[in-house]
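Note sheet for the following structure.
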Amino acid sequence: MKPIIALLVLCVSAITSPVYAESFDEQALVAAAKNEPPLHVYDSTGKIKEQAKKFAAKYGLEAVGTKSKVTQTINIVVNEQKAGNVHAGVVVVSDTPAAMVQLIKPGYVENYVPSDMAQAVPANMQNPLFSVSASNVFTYNTALNKGGCPVDNIWALTDPKWKGHIAMQDPLGKPAFTNWFNQLKKHHDADMAKAYEAYFGKPLKTDMDSATEAWVAALAHNKPLLTSSDGNAAEAVGAPDTKENFMGLFSTAKFRENKNGMTLGMCTDMKPFMGYSVPSSMFIVKGTPSPNAAKLFVHYMLTAEGIAPQAIDGKVSSNSNNKLPASEPSGIGAFLSALTPYNAKTAVDDWNTRQDWQDVWSMSSL
């Protein structure tokens, strides 16, 4: 198995080598794009509709943004490629492992990094190119916990005290969780073991393969309240009328509901991490009938103007010059270093071990 995985990594790395424009000539691209059919863009956030509309208005072009789940977006690209009838222009995929294996490896999409953005986007976010990274954080109810977050170590969530009182989406249906579990094991397992010792006062002894696996199993055994959406998890934690004390793990985008009476707070002192980053990878579809408009749109999404509709929800642009607005409700901008970053170098391994992590969760939750 190991040689096969190594081969996959080599193949994906070769395919995803960044493609730079020799020089980004905005006016030339606009002129060429005016002779192309409308640009079709797909993303899993509804904000893509607004972004496509503003892009079209800015350049005097036609563009349509469509909200589409990851699996739907991948199916659209795959089916159009196989049929030789491509309509999609740009796709933004929040499941990087799936994109690398199902879109990049067969050559259905191209990685494009505009030359004038190459210095602003960190190298580890260029291959594949990230448009934004969402932040999923440990959360508590500020009204029921006046002194702050009631826990400061993720191993505390395995304590019987929190049994049935941790709200989160089901890892069996949300790949971001299994991706994170594998990222923890591959890159931060020593931190997980250290956090165990800090909480329990003794070194971890386990028959499992890693400290991360031991934590995942213990968390599943503690029967979290599993929801179908981050919105439902947020309601369980911070609804105005709630009396039960729940912890949560979900997107900072839900903190916008605090203006409507929710009482959500971030556990900023959680060790070893207060949450994790979920990148959205952005590609140009191979053979798109609107290649110049697609290049313009990728560039637009890397600008402060282009990413603004998502930045207000705490989604962090890969362009380091673009900062979160002061009005972003969660305040995550001050704590980004406390999140586990996503390392795309092991994305294929995240894909290959997805079922293994689901099995750990399923068996441990019995």
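Quick check: anything in region 145-153 at pLDDT 95 or above, under 22 Å from Trp357 (Cβ atoms), buried (at least 20 other Cβ atoms within 10 Å of the Cβ) and in contact with a Pro (Cβ under 9 Å, 6 or more places away or on another chain)? No, region 145-153 contains no residue that is at pLDDT 95 or above, under 22 Å from Trp357 (Cβ atoms), buried (at least 20 other Cβ atoms within 10 Å of the Cβ) and in contact with a Pro (Cβ under 9 Å, 6 or more places away or on another chain).
Taking region 301-318, which residues are open to solvent by less than 20 Å² (accessible area, probe 1.4 Å) and among the β-branched types (Val, Ile, Thr)? Ile307 - this is the single residue of region 301-318 that is open to solvent by less than 20 Å² (accessible area, probe 1.4 Å) and among the β-branched types (Val, Ile, Thr).
The set of residues from region 216-238 being closer than 17 Å to Ser251 by Cβ and open to solvent by 10 Å² or more (accessible area, probe 1.4 Å) comprises Pro224, Leu225, Leu226, Thr227, Ser228, Ser229, Asp230, Gly231, Asn232, Glu235, Ala236.
From the set of residues in region 263-300 that are closer than 17 Å to Ile166 by Cα and of a type in the set (A, V, I, L, M, F, W, C), which is surrounded by the fewest Cβ atoms within 10 Å (Cβ to Cβ)? Of everything passing the filter in region 263-300, Phe273 is surrounded by the fewest Cβ atoms within 10 Å (Cβ to Cβ).
Flag: Lys146 does not match the condition of being more than 22 Å from Pro272 (Cβ to Cβ), in contact (Cβ under 8 Å) with a residue 12 or more places away in the chain and among the basic types (Lys, Arg).
If the condition is being outside any helix (DSSP H, G or I), aliphatic (A, V, I, L, M), open to solvent by 60 Å² or more (accessible area, probe 1.4 Å) and over 28 Å from Thr96 (Cα atoms), then region 168-215 contributes no residue at all. Out of curiosity, is Asn258 out of contact with any helix residue (DSSP H, G or I) (no Cβ under 8 Å at 6 or more places or on another chain) and either of a type in the set (S, T, N, Q) or in contact (Cβ under 8 Å) with a residue 40 or more places away in the chain (or both)? Criteria not met by Asn258.
The values are calculated or read from the model by the stated rules, or taken from the named source; none is laboratory data. Here the structure is a predicted model, which is why all the values come from computation and not from measurement. Heads up, the Cβs are rebuilt from the backbone with ideal geometry, glycines too, and the neighbour counts pull from every protein chain shown. SASA here: full protein model, heavy atoms, side chains in, ligands and nucleic acids out. Shrake-Rupley method; radii C 1.70, N 1.55, O 1.52, S 1.80 Å.
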